[in-house]
Amino acid sequence: MNLYDLFVKPYESYTFLQILLEATGTAFGILSVYFSIKKNIWVYPTGIISTLIYVYILFNFGLLGDCIINVYYTSMSIYGWILWSKNSNDNIHVEVNWATKREWMFAVLLFILSAIMVTVIYYFKPFIDNQFSFDGADLGLNHLDWANWLDVVVTSTFLVGMWLMAKRRIENWIFWILGDLVCIPMLIYKELGITSVQYLVFTIMAVIGYVNWKKSFNDNNTVKS
């Protein structure tokens, strides 16, 4: 399969509105990550626009796990916005820190619960696809392909990353990097080429974010000492 088949051909059947929505969601998603790297509170309003767009897109493409995570992103963005506002001296930028042992334990629990939740939702996917009717709906997990199972893992990974970002923990970038890398082949398989390129950009930006947040923490500790 060539690049045309991967990134262009699927869009021949899309409407202009579908393409515009995906491109707009991608642009605001990249803006959100940029502001996150800069520890700038604008990460949240730009992120909310992107996640709301992707709630619609991902639901229509059957990626229920990622759809749910974008609903979660929207609510968590409001939560993070409030936390960052309370911990910012200039109402724009915040200071960061490493996660505590207790927070790591909560992160592991959140990952497990998220994986269970998304698996249960996929179990009932035939019911959802059948206009929320049990008549003729073949419930189970046998209908899942490898991309759906990857979606379960990615969703759980991103949920943890989003929570750690709201808490201003440097480790959030590790979860974004892992999730972004897994997302790329999954989205290509689901014929969302523009979004797969977005996640490649996200991976690079997440590495930069990890380096910048770590450097910021070290610089602040050097000044204090």
query = Of these, Ser216, Ser196, which one is touching a residue at least 12 places away in the same chain (Cβ under 8 Å), open to solvent by less than 10 Å² (accessible area, probe 1.4 Å) and not β-branched (Val, Ile, Thr)?
reply = Ser196
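Table: residues versus (1) under 24 Å from Val96 (Cα atoms); (2) assigned to a helix (DSSP H, G or I); (3) not aliphatic (A, V, I, L, M).
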site: Pro185; (1), (2), (3): no, yes, yes
site: Ile188; (1), (2), (3): no, yes, no
site: Ile204; (1), (2), (3): yes, yes, no
site: Trp213; (1), (2), (3): yes, yes, yes
site: Ser216; (1), (2), (3): yes, yes, yes
query = In segment 178-193, what residues are surrounded by fewer than 19 Cβ atoms within 10 Å (Cβ to Cβ) and either at pLDDT 90 or above or in contact with a helix residue (DSSP H, G or I) (Cβ under 6 Å, 6 or more places away or on another chain) (or both)?
reply = Leu178, Leu181, Val182, Ile184, Tyr189, Glu191
query = Do you know which residues across segment 84-99 are under 19 Å from Pro45 (Cα atoms) and either in contact with a strand residue (DSSP E or B) (Cβ under 8 Å, 6 or more places away or on another chain) or of a type in the set (Val, Ile, Thr) (or both)?
reply = Ile92, His93, Val94
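Any chance you could count how many residues in segment 115-150 are aromatic (Phe, Trp, Tyr), open to solvent by 60 Å² or more (accessible area, probe 1.4 Å) and under 25 Å from the mean Cα position of the chain (by Cα)? Lay out the reasoning, then the answer.
Here is the first cut: in segment 115-150, the ones aromatic (Phe, Trp, Tyr) are 122-124, 127, 132, 134, 146, 149.
Restricting the remaining residues to those that are open to solvent by 60 Å² or more (accessible area, probe 1.4 Å) gives 123-124, 132, 134, 146, 149.
Applying the additional criterion that residues be under 25 Å from the mean Cα position of the chain (by Cα) yields 123-124, 146, 149.
Residues meeting the conditions: 4.
Applying the selection to segment 126-150, what residues are part of a loop (DSSP other than H, G, I, E, B) and either touching a strand residue (DSSP E or B) at 6+ places or on another chain (Cβ under 7 Å) or among the hydrophobic types (A, V, I, L, M, F, W, C) (or both)? It would help to see each step written out before you state the result.
Initial filter on segment 126-150 (part of a loop (DSSP other than H, G, I, E, B)): 130-145.
Once the filter is applied, which keeps residues that are part of a loop (DSSP other than H, G, I, E, B) and either touching a strand residue (DSSP E or B) at 6+ places or on another chain (Cβ under 7 Å) or among the hydrophobic types (A, V, I, L, M, F, W, C) (or both), segment 126-150 yields Phe132, Phe134, Ala137, Leu139, Leu141, Leu144.
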key: In segment 171-183, the residues that are part of a helix (DSSP H, G or I) and of a type outside the set (Phe, Trp, Tyr)   = Asn172, Ile174, Ile177, Leu178, Gly179, Asp180, Leu181, Val182, Cys183
request  = Hey, can you tell me all the residues within segment 151-170 that are open to solvent by less than 10 Å² (accessible area, probe 1.4 Å) and either touching a Cys at 6+ places or on another chain (Cβ under 7 Å) or not in a helix (DSSP H, G or I) (or both)?
outcome  = Val154, Ile170
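Return yes or no: is Ser50 modelled with pLDDT of 90 or more, within 30 Å of Ile128 (Cβ to Cβ), surrounded by 14 or more Cβ atoms within 10 Å (Cβ to Cβ) and of a type in the set (Ser, Thr, Tyr)? Steps first, answer last, please.
Values: modelled with pLDDT of 90 or more: yes; within 30 Å of Ile128 (Cβ to Cβ): yes; surrounded by 14 or more Cβ atoms within 10 Å (Cβ to Cβ): yes; of a type in the set (Ser, Thr, Tyr): yes.
The answer is yes for Ser50.
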remark   = Here the qualifying pairs (Cβ atoms under 8 Å; residues six or more apart or on different chains; first in segment 87-106 and more than 15 Å from Lys38 (Cα to Cα); second part of a helix (DSSP H, G or I) and of a type in the set (Gly, Ala, Ser)) come out as Ala99/Ala107
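The values are calculated or read from the model by the stated rules, or taken from the named source; none is laboratory data. Only a predicted model underlies this, so the values are computations on that prediction, with no experimental measurement involved. A quick note on method: Cβ atoms are made from the backbone with ideal geometry, for glycine too, and the neighbour counts reach across all protein chains shown. In case anyone asks, the SASA skips ligands and DNA or RNA and just uses the protein heavy atoms, side chains included. Shrake-Rupley method; radii C 1.70, N 1.55, O 1.52, S 1.80 Å.
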